[in-house]
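Readers should treat all values here as calculations from the given coordinates under stated rules, not as data from a laboratory. Nothing here was measured: the structure is a model prediction, and the numbers come from that model. Here Cβ is always computed from backbone atoms with ideal geometry, including for glycine, and neighbour counts include all displayed protein chains.
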Amino acid sequence: MPVNELSAIKYEVKKSRFYAHLYTISGMEDVELIAAALRKKYRNADHICTAVRFRDERSMLHEDWKNDGEVGRPGVALLEILRTQALEEHMIVVVRVFGGIKLGPGNVTRAFRYAGNAAVDEYTGNRDLP
């Protein structure tokens, strides 16, 4: 299955911009390609947090997340979105461009969760997500 961007949204909180992307993936090679492309696209990004879930050729489920030095645990929040939505060949990436106002760990995680949910919402058409 080729890498396919399913949705992309922008969310702003206290001048920080969060760009969330949802992709289909088939393995870690796709994850590295996507991460490299987004680092190039968002050169001014302060943090690029990710969560992935995919099955390998033996149908074993693999999960991973990265906080990229961000406070709180936004990568875990993004992984929980994939789990809750039963997305097993997907990657959520949320890029933060810092706006100069510190949000604190709880608010940062909430902002990443909201952006990730909005990207899934954009893809699924489920308007009930927060």
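Structure data summary
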{"item": "Flag for Y114 being closer than 20 Å to V31 by Cβ, in a helix (DSSP H, G or I) and of a type outside the set (D, E, K, R)", "result": "no"}
{"item": "Selection count, the range 50-72, where residues are among the aliphatic types (A, V, I, L, M) and part of a strand (DSSP E or B)", "result": "3"}
{"item": "Positions within the range 48-81 being small (G, A, S) and free of Cβ contacts under 8 Å to residues at least 24 places away in the same chain, in sequence order", "result": "S59, G69"}
{"item": "Condition check for A20: outside any helix (DSSP H, G or I), of a type outside the set (S, T, N, Q) and touching a residue at least 24 places away in the same chain (Cβ under 8 Å)", "result": "yes"}
{"item": "Residues satisfying the stated conditions in the range 35-64, i.e. buried (at least 18 other Cβ atoms within 10 Å of the Cβ), within 11 Å of the chain's Cα centre (by Cα) and within 10 Å of M91 (Cβ to Cβ)", "result": "T50, A51, V52"}
{"item": "Residues within the range 73-97 that are in a strand (DSSP E or B) and among the aliphatic types (A, V, I, L, M), tallied", "result": "6"}
